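Undergrad: Sharing a structure below in structure tokens format, with a few things to ask.
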Amino acid sequence: MKSTEKILLGHGSGGTLSHELISNVFVKYFANDVLNRQTDSAILTMEGGHLAFTTDSYVVDPIFFQGGNIGKLAVCGTVNDLAVSGAIPKYLSCGFIIEEGFALSDLEIIVKTMADEARNAGVMIVTGDTKIVNKGKCDKIFINTAGVGVLDVSRKNISYGTGIRPGDKIIVNGTIGDHGIAILAARESLSFQAEIQSDCAALNQLIEACFSVSPNIRFMRDATRGGIATVLCELAENRNVGITIDENKLPVKDMVKGTCEVFGFDPLYLANEGKVVMVVGAGDAALVLNEMKKHPLGKDAVIIGEITNAYPAKVLMHTEVGGRRIVDMLAGEMLPRIC
């Protein structure tokens, strides 16, 4: 970034601008062997084993929406970053930055939600911090959470995707874009015949169920900012493999698809908060898919594509009308402050 440039909302999108900011500023100065891998969780080798460590901040607007609130996002998002790294989430921290005048009743709802989600996910919130700022110096409430999980040595390369190979199948555990449209609806006071609920959920128990039937899960990533398109583009580029997906197989609710058509959005790029993109060995894909479908968070799971030798470092989509198009990483910002 040039010194004359300014930070834009698009720098928080998870797409091209985010990657440029991370590479050109943060990695430039913080560079080390762990950070340079740029995975959802840092994989740390400690005496006696491996740990996964992650942190995330939440600035979603509005703070309450159909299917959750900022507190639920904070817990589920950090649990998921650990789980998709192959780790078993154990402990969380939470830090609050609260604007003067914020309603104590709203804070209590948010904190209770965090406690409930942590309990359901089997993790403990063990430390935290609170700061209060003058009115107008913060937009209601921001939350940071960090998490630690235990990582079995057999799973330490899942974050990196080093084991993927041509023929591996790509599975998504359910409908995409629900969170993005739920936030849009809450922000713009949109009224739908059927309310779109955020998919915000902790995925660690679903992921462990998949591991129970297959040791051939090669890669996982939760498709948050930038959607599943960004996850697939990053994977293709980082591993120099081709990826093909089938538009007809993408699981998208009719209400989400219709809203995207009205606003000019693409469900591939919309944020999710309860979706894992999983790459599984071809021989085990059916087993994993069937196991996913047994879980409430995986009942709509589907195989959307596969790894290929063709088109290295590219994602190719077979379209509904019989054509083909390259799927690029998100450029700019569709919906700022989505999580």
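Undergrad: Answer yes or no: is there a residue in the range 185-197 that is in contact with a Leu (Cβ under 8 Å, 6 or more places away or on another chain), in contact (Cβ under 8 Å) with a residue 40 or more places away in the chain and buried (at least 21 other Cβ atoms within 10 Å of the Cβ).
TA: Within the range 185-197, not a single residue is in contact with a Leu (Cβ under 8 Å, 6 or more places away or on another chain), in contact (Cβ under 8 Å) with a residue 40 or more places away in the chain and buried (at least 21 other Cβ atoms within 10 Å of the Cβ).
Undergrad: Of Gly122, Gly161, which residue is farther than 17 Å from Thr55 by Cβ, within 18 Å of the chain's Cα centre (by Cα) and not assigned by TED's automatic domain parsing to the domain that holds Glu291?
TA: None of the other options fit; the residue is Gly161.
Undergrad: Something else: Please state which of the following conditions Ala331 fails to meet, knowing it meets all the rest: (1) within 19 Å of the chain's Cα centre (by Cα); (2) over 21 Å from Val79 (Cα atoms); (3) at pLDDT 95 or above.
TA: Going through the list (1) within 19 Å of the chain's Cα centre (by Cα); (2) over 21 Å from Val79 (Cα atoms); (3) at pLDDT 95 or above, Ala331 breaks only (3).
Undergrad: Sticking with this one: Please go through the range 200-255 and pick out each residue that is within 17 Å of Ile304 (Cβ to Cβ), of a type in the set (A, V, I, L, M, F, W, C) and either touching a Phe, Trp or Tyr at 6+ places or on another chain (Cβ under 7 Å) or surrounded by fewer than 20 Cβ atoms within 10 Å (Cβ to Cβ) (or both).
TA: Those that are within 17 Å of Ile304 (Cβ to Cβ), of a type in the set (A, V, I, L, M, F, W, C) and either touching a Phe, Trp or Tyr at 6+ places or on another chain (Cβ under 7 Å) or surrounded by fewer than 20 Cβ atoms within 10 Å (Cβ to Cβ) (or both): Ile217, Ala229, Leu235, Val252.
Undergrad: Here's a follow-up. Given the residues Glu306, Glu234, which is the only one that is of a type in the set (Asp, Glu) and under 27 Å from Gly67 (Cβ atoms)?
TA: Unique residue meeting the criteria: Glu234.
Undergrad: In the range 224-250, which residues are assigned to a strand (DSSP E or B) and β-branched (Val, Ile, Thr)?
TA: Passing the criteria: Ile243, Thr244, Ile245.
Undergrad: For the range 83-126, enumerate the residues that are free of Cβ contacts under 8 Å to residues at least 24 places away in the same chain and outside any helix (DSSP H, G or I).
TA: Within the range 83-126, Ala103 is the sole residue that qualifies.
Undergrad: Sort out which residues of the range 290-339 are basic (Lys, Arg), under 30 Å from Ser57 (Cα atoms) and not in a loop (DSSP other than H, G, I, E, B), and write them in order of number.
TA: Answer for the range 290-339, where residues must be basic (Lys, Arg), under 30 Å from Ser57 (Cα atoms) and not in a loop (DSSP other than H, G, I, E, B): there is none.
Undergrad: Now, a different point. Determine which single condition Ile98 fails, assuming it passes every other condition in (1) more than 19 Å from Thr145 (Cα to Cα); (2) hydrophobic (A, V, I, L, M, F, W, C); (3) touching a helix residue (DSSP H, G or I) at 6+ places or on another chain (Cβ under 8 Å); (4) buried (at least 16 other Cβ atoms within 10 Å of the Cβ).
TA: It fails just one condition, (1).
Undergrad: Something else about it: Return only the number of the condition from (1) surrounded by 24 or more Cβ atoms within 10 Å (Cβ to Cβ); (2) within 22 Å of His295 (Cα to Cα) that Ser159 does not satisfy.
TA: Looking at each condition in turn, Ser159 falls short on (2).
Undergrad: If you don't mind, there's one more thing I want to ask. Residue pairs, Cβ under 9 Å, 6 or more apart or interchain, first in the range 304-324 and surrounded by 15 or more Cβ atoms within 10 Å (Cβ to Cβ), second basic (Lys, Arg) and assigned to a loop (DSSP other than H, G, I, E, B). List them.
TA: Ile307/Arg165
Undergrad: Tally the residues that are surrounded by fewer than 17 Cβ atoms within 10 Å (Cβ to Cβ) and touching a residue at least 24 places away in the same chain (Cβ under 8 Å), restricting the search to the range 258-268.
TA: So the count comes out to 2.
Undergrad: Suppose the filter is under 19 Å from the mean Cα position of the chain (by Cα), under 18 Å from Asn238 (Cβ atoms) and either crowded, with 18+ Cβ neighbours inside 10 Å or acidic (Asp, Glu) (or both); does Asp56 pass it?
TA: No, not satisfied.
Undergrad: Look through Ala301, Ala285, Ala271 and report the one residue that is closer than 23 Å to Ser85 by Cβ, surrounded by fewer than 24 Cβ atoms within 10 Å (Cβ to Cβ) and in contact (Cβ under 8 Å) with a residue 40 or more places away in the chain.
TA: It is Ala285.
Undergrad: Report, by residue number, each residue of the range 251-273 that is out of contact with any Gly (no Cβ under 9 Å at 6 or more places or on another chain) and either part of a helix (DSSP H, G or I) or within 20 Å of Val231 (Cα to Cα) (or both).
TA: Asp254, Met255, Gly258, Glu261, Val262, Phe263
The values are calculated or read from the model by the stated rules, or taken from the named source; none is laboratory data. What you are looking at is a predicted structure, and each value in this text was computed from that prediction instead of being measured. Using ideal geometry, Cβ is built from the backbone for each residue, glycine included, and neighbour counts are taken over all protein chains shown.
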